[in-house]
Amino acid sequence: MKVAFISGTSIVNSDLFAAWEVKTVETAHGTVKYKQKGDHVLINRHGYGFPLPPHSINYRANIRGLADLGFQDIVSLNSVGSLKRELPPGTLVSCGDYVGLQQGPATFFDQELKGGAAGIANNLMPMLVEQLAPEFIIPTGKVYVQMRGPRFETKAEIRIVQAWGDVIGMTAAHEADLCAEAGLRYNSFAIIDNYGNGLEGAEIDFAKFKDLVKSNQQKVNRLFVRLLEILG
């Protein structure tokens with residue numbers, strides 16, 4: 001099955017894709033480097049060189065590149081923080097909606113009075129969730145709250161946005177908006193790497209975050225192994 005994957009911090013330390021062929025595609029919004037094996041391609045949203053922070057990622061080039069390569073089904077894995085005590089670090093979820101109020105949505109329509117229908121298609125998720133079980137039990141329909149970054153949220157900000165959704169991150173809403181505009185079907189996985197700042201006594205900074213990401217690496221690797229088996 002022809003499927004493109006988008007991930008970031010969760011695959012930087014993985015060797016699963018080391019042997020995949022590295023290629024580039026030129027788009028109207030810039031050059032995109034990606035990895036390919038058969039009918040699958042993988043984009044590291046942060047780039048394969050010096051990793052770009054979330055607010056500097058060229059989302060338009062990434063999504064346009066996948067569209068130009070002929071992909072319609074996109075499976076994304078986003079690193080997120082939990083806004084709910086019942087969703088601890090290490091939990092995998094799928095988001096069905098999102099909030100992106102802190103900044104304007106990413107768009108391809110700079111010169112036209114139009115925009116895409118907001119939302120996450122999740123067309124592959126019922127099949128993936130079913131076939132990933134019982135190894136992975138994935139709560140679905142969660143709400144993703146997007147913040148700008150690059151810093152993590154203050155404790156006061158976390159208290160405010162707890163009522164808005166279930167998990168918090170800095171990337172998925174842009175990708176979902178652009179996929180909708182480009183006619184691509186976005187499917188959401190999110191790995192919870194930390195509690196939101198102040199929640200359950202958590203205090204988050206980049207040093208702690210990197211350690212938490214590493215603690216979930218084995219689970220992420222196994223998830224991708226199973227996804228490749230299911231979609232292969």
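We did not get these values from a lab; they are worked out from the coordinates using the rules stated. Since this is a predicted model, take the numbers as computed values, not measurements.
Observations, loosely collected:
- With an a/c value under 1.5 for the gyration tensor axes a ≥ b ≥ c computed over the alpha-carbon atoms, the stretch 1-136 is described as rounded.
- For the stretch 3-231: rounded, prolate or oblate by the Cα gyration tensor [a/c cutoff 1.5]: rounded
- Looking at the chain, the DSSP beta bridges with both ends there are about 35 percent antiparallel.
- Rounded, prolate or oblate (a/c below 1.5 giving rounded, otherwise prolate when a/b exceeds b/c) for the stretch 176-229 by Cα gyration tensor: oblate
- Between His55 and Leu16, full extension at 0.36 nm per residue minus the direct alpha carbon distance yields a gain of 11.3 nm.
- Interchain or long-range residues, amide H under 5 Å from His29's placed H: none
- Entry note, the chain: the mean residue ellipticity at 222 nm calculated from DSSP H runs of n ≥ 4, each adding -39500 (n - 2.57), is -8000 deg cm²/dmol after division by the residues and rounding to the nearest 500.
- Relative contact order of the chain, pairs being alpha-carbon contacts under 8 Å that are 6 or more residues apart, as %: 27 percent
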